[in-house]
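The values are calculated or read from the model by the stated rules, or taken from the named source; none is laboratory data. Since the structure is predicted, the reported quantities are computational estimates derived from the model, not experimental observations. Glycine gets a Cβ as well: all are built from the backbone with ideal geometry, and neighbour counts include every protein chain shown. When the accessible area is computed, the model is the full protein with side chains, heavy atoms only, and any ligands, DNA or RNA have been set aside. Shrake-Rupley method; radii C 1.70, N 1.55, O 1.52, S 1.80 Å.
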Amino acid sequence: MFATGTSRYGGIAGRVLRETMTPGTFVTGLAVALPIGLLAIVSERAGSKVSPAALVQVAATLALARIALNGYAGQWRGTVFSKTGGSDFDVLTVAIRFVLLSSCWLIPLYLLGFRPGNTMESAGMMMMGMGGGEKALLGALYVMLVALSPPVFLIASVGASNIVDLFSAEYWRNTFGGRVGDIFLVYALYLGGLTMAVVLSLPLLVLVGARSGQGGILVGGAVGVYLLGFAVTLLGRLCGFFAASGGPGEEETADLDPSPILDVMAKADRPAQAKGGRTPVHRAVTRSAERDSRRLRASMPAVVAPNGRPVVTDAVGRVSKAEARFADDPDGAIEELRRLDAEYEPNPLVLCGLCRFLIGAGREDEAVRLADRAIPWSLARGSHRPAAEAYREFGERAGRLQLNDDDLLRIGNTLRTMLDLETAGRAYRAILDRRPSDAGAVKGMLQTAEAYVHGKGSPQDAIRVYDYLLERCPDSPLADFMHAGKEEAELRIARR
């Protein structure tokens, strides 16, 4: 209601498109195409009636789920074989959610009388009594909605914490509310990028095909495999980063601290930081805020990210395993994550998980020193959810963190999307206590109060938020919304 509809996701999406144009995209296409081809051959020789379209759908769904999960975990590059975003079970879970949402399009057809066993007769019954124009309009509208729904369904499937979220109006509102510009960007970049890739490949196909028919077939097959990988990788990663990003209120530039992430463990001295706004040790970067990962690693001392170290695989699974160990052996779990960070390239899930473990073990000073660097670094890489979870672990002690306003706003927006309204409000208040005129934080608080009114919490919680805003920001241009929202909450209480 109060969001502008645009966010820092535009810069993230631009880099996603750039990183898709790599050799790994061909590997992904080959990994999807080969099983389809082999299964189709086996099916034909065995006399099976398995539809090739069904094979394509299954393979594409699993590949999209894998790439989207990797994007959700902050991976810019990589193939469908990478397990940065989670295990194969996580992929299957996301794929099942996606299929479940997609199958919802069959419900209106079934209610109208469509039956798979008799397609033509069912279609005739459904259209009975309609004119030709009405049939064409209804059919075109239905096909358009079905064609446009996969990105939305994939985003919802990746971001959901469980299957119940898929049927929660509040979850959908928090995920997509005020982000019309971002979702349009997904469609524009995907369709535009794929169309341009096809157009650029046509001269090569024509040139080779004119000289050699067999060569044209080979080149055409290779191009087709690459385009398949391009389509899967681009759409999956766009949706994964969309689900992980914080949404509206992130228009300003991000801040990146390129200094060592874990030098705090060696008790290295840090430059003094100011209480609010941008700090001296942060470098302002462009809205994309994710400069090429190789340049980032090269800018770090060898103790943090020496060139050539491998990327940690199945970061989600390894952190989860360490978390299970933490209950009985906190020190061992902490050392496990430190070992991962020492042996592999820096990973947001590992670093933010280490922050959570340290605070959980009562080692607050160490946790604060690490979080002051790991959280901004993770946010700059687009890994908003791990950063938000690390911030949430601090609870009331989050005030010790030296985070600037941009980072706090992204954390608040992400936590609100995660339906953790109390901690989101804490992040927004940290901004407003320093800068009452911050429009992004005011909007975030208003959206938090609105979520309280509409089910997540109670109207009393919403009134508490509105009272804080009216006291802290009485001269805000959004004061009318504060008064109107408070009146609505009071009316809901009166009707009980």
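Details
- The heavy atoms of residue 172 present about 70 square angstrom of accessible area, all protein chains included, probe 1.4 Å.
- For the range 394-496, averaging the sequence separation of C-alpha pairs within contact (under 8 Å, six or more residues apart) and dividing by the residue count gives a relative contact order of 20 percent.
- Phi-derived couplings, Karplus 6.51 cos²θ - 1.76 cosθ + 1.60 at θ = phi - 60°, listed residue by residue for the range 376-385: x, 5, 5, 4, 5, 8, x, 8, 6, 5 Hz, with x used for Gly and Pro.
- Computed with a 1.4 Å probe on the full set of protein chains, the accessible area for residue 84 sits at about 10 Å².
- Of all accessible heavy-atom area on the range 339-475, the percent that carbon and sulfur account for (1.4 Å): 42
- Remark: the range 412-496 carries a charge dipole of roughly 200 debye about the Cα centre, counting +1 on each Lys and Arg Cβ and -1 on each Asp and Glu Cβ.
- Virtual spin-label span in nm between residue 198 and residue 77, 7 Å along Cα→Cβ: 2.9
- Peptides 140-148, 433-441, ordered by how many other C-beta atoms sit within 10 Å of their residues on average, highest first, read 433-441, 140-148.
- Dipole axis of the range 150-250 (+1 Lys, Arg; -1 Asp, Glu on Cβ), positive-most option in 224, 160, 209: 209
- A 1.4 Å probe, protein heavy atoms only, puts the accessible area of residue 107 near 100 Å².
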